[in-house]
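Asker: Structure provided below as structure tokens; questions to follow.
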Amino acid sequence: MSTPIVFSDGRLMGTLCAASSVKIQQPQKANTILELFGSIVSNFLEREILISELSESNKTLQRIALTDPLTDLPNRRALIEQLERMLAHAIRSGTSTFIGVIDLDNFKSINDQYGHHIGDLFLKEITTRLSDCLRATDVLGRLGGDEFLYIGFGSNWNDIENGQSAAAHMQTRLTKATQGVFQLEEISLTYTGASAAVIVQGPETTTCEKAIQAADDAMYQIKLQRKAESSQ
């Protein structure tokens, strides 16, 4: 004997069956009881599938809320959350944190000359090249527009010289990654590089915004220096 398992929208999900090794007389209420169990199973399965679908939808919405849609990098909100965790870890462990700001010089002129489609392709290629520079524990995200943020775990704060040396090395790597020829569909674009600065943030209590502002100030000084050198 059997009864179908049907969802509320009419979909057939399976069959609830009962069997015996020998042929017996079917009781009067057997079908009613089997149909009742089929309804219970149907309601349970429908509820579990709905919960699973809602969970996946929530994960997708959360990913969208924390991801830059063009580059698929963490957005500003996600970066702030990650930086808060890194700074908290630095306080507990007495270590430093690397914070870098990368600003794409003359990006507006690329958009103006070649159009926003080429500008978007350029941003995606920059994302790939910068990502290839990172350590496994580093994080790269897009602050917005033509600015990217790099954050990473530093060394013991007592060894500040080594930390500053490592930050300078990462700064050089990030800068060089943005330089060179970019083949963007039919456009071959030679780019002289971004203004990038990586600073070492100590384990003292600070806010994420102040830490990012300090890195941004350092980047701005490099930008001024690059402008002065190019005008000579």
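The values are calculated or read from the model by the stated rules, or taken from the named source; none is laboratory data. What you see is a predicted model; the values in this text were computed from it and never measured. Because the Cβ atoms are built from the backbone with ideal geometry, glycine has one as well, and the counts that use them run over all protein chains shown. Only protein heavy atoms, including side chains, enter the accessible area calculation; ligands, DNA and RNA are left aside. Shrake-Rupley method; radii C 1.70, N 1.55, O 1.52, S 1.80 Å.
Asker: Under 12 Å from the Cβ of Ile40, count the other residues' Cβ atoms, weight Lys and Arg +1, Asp and Glu -1, and hand me the total. Write out the running numbers ahead of the final one.
Answerer: Values: positive: Arg47; negative: Glu35, Glu46.
Charge balance near Ile40 sits at -1.
Asker: Build a GNM of the chain with springs between Cα atoms under 10 Å: which of Ala168, Ala214, Ala18 gets the top mean-square fluctuation?
Answerer: Ala18
Asker: Of Ser96, Ser52, Ser155, which has the largest mean-square fluctuation in a 10 Å C-alpha GNM of the chain?
Answerer: Ser52
Asker: Something else about it: Taking the chain as a Gaussian network, Cα atoms linked when under 10 Å apart, which of Gln26, Gln179, Gln221 shows the biggest mean-square fluctuation?
Answerer: Gln26
Asker: Ignoring the sites themselves, what is the longest stretch of the chain with no GluC sites (Glu not before Pro) in a DSSP loop and at most 11 other beta-carbon atoms within 10 Å?
Answerer: Within the chain, the longest run free of exposed GluC sites (Glu not before Pro) spans 1-184.
Asker: A follow-up question, please. Nearest 20 debye, what's the magnitude of the dipole of the chain about its Cα centre given +1 on Lys and Arg Cβ and -1 on Asp and Glu Cβ?
Answerer: With only Lys, Arg, Asp and Glu charged at Cβ, the dipole is about 640 debye.
Asker: State in Å² the accessible area per residue of the range 146-232; use a 1.4 Å probe, count heavy atoms of protein chains only, and round to the nearest integer.
Answerer: Counting only protein heavy atoms, the per-residue value for the range 146-232 is 55 Å².
Asker: My understanding is that a pair violates if its Cα-Cα distance is over 20 Å; which of Lys124/Lys176; Lys108/Lys210; Lys176/Lys210; Lys108/Lys223; Lys176/Lys223 do that in this structure?
Answerer: Result: Lys108/Lys210; Lys176/Lys210 exceed 20 Å.
Asker: With Cβ to Cβ distances under 15 Å as the rule, what net charge do the other residues near Leu12 carry (K, R +1; D, E -1)?
Answerer: Value of the local net charge: -2.
Asker: Where Lys and Arg each count +1 and Asp and Glu each count -1, what net charge lies around Gln221 among other residues with Cβ under 14 Å from its Cβ?
Answerer: Within the 14 Å Cβ shell, the charges total -2.
Asker: On a full-extension model of 0.36 nm per residue, what is the gain between Gln26 and Ser109, subtracting their alpha-carbon distance, rounded to one decimal in nm?
Answerer: Between Gln26 and Ser109, full extension yields 21.6 nm more.
Asker: Would you kindly find the accessible area of Ile126, with a 1.4 Å probe and non-protein molecules such as ligands, DNA and RNA excluded, rounding to the nearest 10 Å²?
Answerer: Result for Ile126: roughly 0 Å² accessible.
Asker: For the chain, list the DSSP H helices whose alpha carbon atoms reach 20 Å or more along the long axis and whose average Kyte-Doolittle value is -0.5 or above? Can you show the working numbers first?
Answerer: Values: long enough: 30-65 (52 Å, 0.24); 76-93 (25 Å, -0.27); 116-131 (22 Å, -0.08); 160-177 (25 Å, -0.60); 208-230 (33 Å, -0.72).
Those that clear 20 Å and a mean of -0.5 are 30-65, 76-93, 116-131.
Asker: Moving on to the next point. If you count only protein heavy atoms and use a 1.4 Å probe, how large is the accessible surface of Leu140, to the nearest 10 Å²?
Answerer: 10 Å²
Asker: Considering only protein heavy atoms and a probe of 1.4 Å, how much of the accessible area of the chain is carbon and sulfur, as a whole percent?
Answerer: Whole-percent figure for carbon plus sulfur exposure: 54.
Asker: Rounded, prolate or oblate, given the Cα gyration tensor of the range 30-189, with a/c below 1.5 counting as rounded?
Answerer: oblate
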